[in-house]
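Here is the structure we will look at.
The values are calculated or read from the model by the stated rules, or taken from the named source; none is laboratory data. Keep in mind it's a predicted model, so treat the numbers as computed, not measured. Here Cβ is always computed from backbone atoms with ideal geometry, including for glycine, and neighbour counts include all displayed protein chains. The area values use the complete protein model at the heavy-atom level, side chains included, leaving out ligands, DNA and RNA. Shrake-Rupley method; radii C 1.70, N 1.55, O 1.52, S 1.80 Å.
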Amino acid sequence: MLQNAALVKLLQLASPALPVGAYSYSEGLETLVEGQVIATASQLETWIERELRYGIIVTEAAVMVRGHQSFGDRAQLEYWNAWLSASRETRELRQQSWQMGQSLLKLSIHLQPELQPFGDIFPCNYAIAYGIIAAQLQIDPEATALAYLQSWATNFITAGVKLIPLGQTAGQQILFNLNPLLLEAAQKALQLDDSELGGWSWGVAFASMGHETQYTRLFRS
């Protein structure tokens, strides 16, 4: 169980108000809404559920955990950062990960100057930066994995609320319904072996590819 001091730090790390630019990304959702693949709250919930069960987001969380565990091993941190960069299916998704990671690392170095030695991990993926900072704050990997996945789901739902559009109550209902699956996905991220890392996110990849040339866009990806 998290101590109050660690919990407060984790809540700040996972907060939607954290200025890392997460609000500007939809991870292909804008393309899916434009094509009417997702047009209702239930369809949005189903999409997120499938991503949590089969998609790359759980692998991303698993690599974040490896970043957390490699806090004192620079070679391993750089290995997993490069691995995650190579696993991104499109330029948009890779640029999103790099931009958010660099923003989070820059912010955290400002708040915690002792993180300065990690500033030259460039470009730093968001999951790696998240793991580094959680390790520095001494937040355990299980809680960090859950917070990472919950913040991802929150951002995706927020994009859906704007794009479909949905009411705020509908968005909160989706997040509430996904709570058990978020717990399950966090446990899976902790248990995945290196040989099991991967996912079936071809739907996200195709949506991201389409977004690059979409005529009108509200989001960067």
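So here's what we get for this one:
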{"read-out": "Accessible area per residue in Å² at 1.4 Å probe, computed on the range 17-167", "value": "41 Å²"}
{"read-out": "Gain in span if fully extended, Gln112 to Gln43, counting 0.36 nm per residue against the direct Cα distance", "value": "20.7 nm"}
{"read-out": "Relative contact order of the chain, defined on C-alpha pairs under 8 angstrom at six or more residues apart (%)", "value": "40 percent"}
{"read-out": "Inter-part distance where the range 1-60 and the range 127-173 are each reduced to a Cα centre, Å", "value": "5 Å"}
{"read-out": "Cα lying deepest toward the dipole's positive end in the chain, options Ile133, Gly203, Pro165, charges on Cβ", "value": "Pro165"}
{"read-out": "Cβ crowding within 10 Å averaged over residues, with 176-188, 20-32 ranked highest first", "value": "20-32, 176-188"}
{"read-out": "Cα-centred dipole magnitude for the chain, charges only on beta-carbon of K, R (+1) and D, E (-1), debye, nearest 20", "value": "440 debye"}
{"read-out": "Local net charge near Ala153, Cβ-Cβ under 12 Å (Lys/Arg +1, Asp/Glu -1)", "value": "-4"}
{"read-out": "Taking the range 62-156 and dividing mean pair separation by its residue count, relative contact order in percent (alpha carbons under 8 Å, at least six apart)", "value": "39 percent"}
{"read-out": "The chain - percent of accessible surface contributed by carbon and sulfur, probe 1.4 Å", "value": "55 percent"}
